[in-house]
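Report on one structure; see the data block that follows.
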Amino acid sequence: MSKLLSTEFYKLRKKFVAILVITIAFAVAGAFASISATGTVYVGMNIFFSMFGLIFCGMTGVFISQDFANSTIRNKLIIGHTRFNIYLSYQIAFAVLAFLMTAVFIGSYILLGKLFSGVELFQAEQPAPDVLKVYRENFFKAFPVYLVAVPAYTTLGVFISITLKNSLGGVVTVIIVYELNSLPLLDAIFPENKFVAFINIVLPPSQLFLMEKLSAGSDFSPLKYILFSMIFAIVMIMLGYAIFRKADLK
């Protein structure tokens, strides 16, 4: 397992600068949009976080699909690595990277938001003080949800790409996660539908998109959303490995 993890982290390290630039670019765009539209950094981050999660999940699928295309996974099996270790090494590597980049996103967003808030050109009228207080308190309470939901999101990318077992896995992953990212829109179409509401608090992409709304209540607790993301991740890993374990790799 250690050799597999070292290999995956080495490959990701070569792309680290590009991934870091993308992460900070999203943070810059998010902070600028939030300050210029609402006058505060505490409103608006979730939309950019949702797009960031989508891209990260799609990137996971693309990376693994390349390993199928160049027979890297087949070669790992030939030299004696188990399918469980191969699957888990991919998942651990991408989950760790997602966690780190999520922390970078949050830190960059806050720092840039503070900088932009001091520029008169970007300032807009803030929400009422009582409303702003709730947003500010829940803004920080939502951080653990983001730190778990984005890594959990990557389990879907690993699942899809490993299941398809070919170079198309990356493309299909991007398509599927894009469609899932649209699920929160059903919340506006069917506001009273309990099934839609349940889906939107269970799935990591929906959590990212709707977190600002979900955390708007004074009694907001992140534990429920963290638990659902962890369950989602465990289910995806178990299903993905069950399929990969019996897959015919030619």
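Only the coordinates and a few stated rules stand behind these numbers; no lab work does. Bear in mind the structure is a predicted one, so any value in this text is a computation, not a measurement. Positions of Cβ are generated from backbone atoms using ideal geometry, with glycine treated the same way; all protein chains shown enter the neighbour counts.
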If one takes the longest principal axis of the Cα atoms in the chain, at what angle in degrees, from 0 to 90 and to the nearest 10, does the Cα axis of helix 223-246 lie? 20
With the 8 Å Cα cutoff and a minimum separation of six or more residues, the stretch 2-246 has a relative contact order in percent of 30
Can you give me the angle between helix 16-38 and the longest principal axis of the chain, using Cα atoms only, in degrees from 0 to 90, rounded to the nearest 10? 20
Among S71, S108, S50: highest mean-square fluctuation, GNM of the chain, C-alpha pairs under 10 Å: S71
Would you be so kind as to identify which of Y178, N200, S215 lies farthest towards the positive end of the dipole of the chain, taking Lys and Arg as +1 and Asp and Glu as -1 on Cβ and the Cα centre as origin? Y178
What does the charge count around V172 come to, taking other residues whose C-beta lies under 15 Å from its C-beta (Lys +1, Arg +1, Asp -1, Glu -1)? 0
The chain - mean residue ellipticity at 222 nm from DSSP helices (-39,500 (n - 2.57) per run, n ≥ 4, rounded to 500): -26500 deg cm²/dmol
Using a 10 Å cut-off around each Cβ, can you sort K114, K246 from fewest to most neighbouring Cβ atoms? K246, K114
What is the angle, in °, between the Cα long axis of helix 143-164 and the longest principal axis of the Cα atoms in the chain? Nearest 10 is fine, range 0 to 90. 30
Charged-residue dipole, Cβ positions (Lys, Arg, Asp, Glu), the stretch 2-246 about Cα centre, Debye nearest 20: 1220
Once the in-chain neighbours fewer than 8 apart are removed, the lysines whose Cα is under 30 Å from K3 read K11, K14, K15, K76, K165, K246, K250
Around M1: net Lys/Arg minus Asp/Glu count, Cβ-Cβ under 13 Å: +2
For the chain, just run the numbers: alpha carbon Rg, then divide by 2.2 N^0.38 Å, N being how many residues it has. 1.07
Straight distance only, please: which lysines reach the Cα of K213 with their own Cα at less than 20 Å, same-chain residues fewer than 8 apart left out? K133, K141, K194, K224
